[in-house]
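Structure, as structure tokens:
The values are calculated or read from the model by the stated rules, or taken from the named source; none is laboratory data. Being a predicted model, the structure only gives us computed values, none of them experimental. Don't worry about glycine lacking a Cβ; one is built from the backbone with ideal geometry, like all the others, and counts go over all protein chains shown.
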């Protein structure tokens, strides 16, 4: 097909062509970045926590009244819960994976050095490994003789800790970190006695490329009037155990408030609610932009068909086939769409680099731009079909009437 007449026609109608081309460019840039962010949210919300999620539930326990014997009460609760049929183990703690809040600190590998990495602090005892179902990949777990009481406002640090593999690698990239010293402060070192494969931090959005697994386990009994209990059950018995544990605790003492009883699936869903909502919003925005672009193409093409009705009729009278008319409009639209896609390719990469620079987001995979360009080209061509068919069905006699 001769492109010269098409280019001349576009030159005479350049405002509409420019607007549609810009709309396609903006749509491609925004939609691809939206899809990239959605993909990152999906990946983060499905990444494993490193614990036995299917058989774990948690709840808060708030003591009411005299708190002088909180340590003894907590130990009494733990002993009673372990006697409930179906319970594998239980842990009282200050926080747990995906809880949404917890304690963090910076770790250095030399005294007085700036922190090499930040880490979340999980307080555990000798039952922690079995309760969470963590996978120990090096060294050992913390022993009962290493566990001490730790209050809300204590500032001490233990001589021995267990860390995740990601944290060990961040601290000692040339080795596994096992047996090495780390420093909370210049005068507060701890030795890494064990390494677990993975343990998600309490924050769903924490961690970036390392997957949020910068966690450390400290041998402490968390002594506080409000604490968290994490319970692991035997497979298939979680629902029954959740009810039985609450009944057992209330049989020991009614001077408590048991709240936020959740399966870990519910904890995960709550933790990633904002990410899901953002993904839905971004997906809706991308779909809306695509829809607006498609209807814009249809409207512009219909307008051009109406403007060129007599010209189309003359071409038909001179022997142009319906296929030629269809090809004319599809070629014209392909020139506009191709120009818009090229502009959108550069705009999409530039906007992603800006997001990476100012919001510390991972770079977008170039495949998103490529696939996005193909989708927009395909949609633009599909959008022209109906107006082009109407143009191709123009009768030469009707189009030339009145000449």
Is there a residue being exposed (fewer than 13 other Cβ atoms within 10 Å of the Cβ), outside the structural domain of residue 21 (by TED's automatic domain parsing), touching a residue at least 24 places away in the same chain (Cβ under 8 Å) and touching a strand residue (DSSP E or B) at 6+ places or on another chain (Cβ under 8 Å) anywhere in segment 259-274?
-> yes
Residue check: is residue 90 in contact with a helix residue (DSSP H, G or I) (Cβ under 8 Å, 6 or more places away or on another chain) and modelled with pLDDT of 95 or more?
-> yes
Given (1) surrounded by 15 or more Cβ atoms within 10 Å (Cβ to Cβ); (2) over 28 Å from the mean Cα position of the chain (by Cα); (3) over 19 Å from residue 224 (Cα atoms), number of the condition residue 110 does not satisfy = (1)
Residue 230: touching a helix residue (DSSP H, G or I) at 6+ places or on another chain (Cβ under 7 Å), surrounded by 17 or more Cβ atoms within 10 Å (Cβ to Cβ) and within 30 Å of residue 176 (Cα to Cα), yes or no?
-> yes
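Residue-wise test of (1) in contact with a strand residue (DSSP E or B) (Cβ under 7 Å, 6 or more places away or on another chain); (2) not assigned by TED's automatic domain parsing to the domain that holds residue 221.
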| position | (1), (2) |
| --- | --- |
| 40 | no, yes |
| 58 | yes, yes |
| 80 | no, no |
| 87 | yes, no |
| 114 | yes, no |
| 118 | yes, no |
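Between 240, 236, 291, which is without any contact (Cβ under 8 Å) to a residue 60 or more places away in the chain and under 24 Å from residue 87 (Cβ atoms)?
Exactly one residue qualifies, and that residue is 236.
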Report those helices (runs of 4 or more DSSP H) wholly inside segment 289-403 carrying at least 2 residues which are at pLDDT below 80 and surrounded by fewer than 16 Cβ atoms within 10 Å (Cβ to Cβ).
-> 309-317, 322-359, 396-399
Exclusive hit being in contact (Cβ under 8 Å) with a residue 40 or more places away in the chain and either touching a helix residue (DSSP H, G or I) at 6+ places or on another chain (Cβ under 9 Å) or outside the structural domain of residue 19 (by TED's automatic domain parsing) (or both), set 318, 379 | 379
Please list, ordered by first then second residue, the pairs with beta carbon atoms under 6 Å, 6 or more apart or interchain, first in segment 9-21 and surrounded by 13 or more Cβ atoms within 10 Å (Cβ to Cβ), second in a helix (DSSP H, G or I) and modelled with pLDDT under 70.
-> 17/10
Can you find even one residue in segment 25-36 that is in a helix (DSSP H, G or I) and within 23 Å of residue 239 (Cα to Cα)?
-> no
In segment 38-68, anything at pLDDT 85 or above and farther than 30 Å from residue 240 by Cα is listed as 38
Wholly inside segment 49-108, strands (runs of 3 or more DSSP E) that include 3 or more residues that are farther than 14 Å from residue 131 by Cα are 56-63, 103-107
Meets criteria (within 30 Å of residue 269 (Cα to Cα), surrounded by 15 or more Cβ atoms within 10 Å (Cβ to Cβ) and touching a helix residue (DSSP H, G or I) at 6+ places or on another chain (Cβ under 8 Å)) for residue 98 = yes
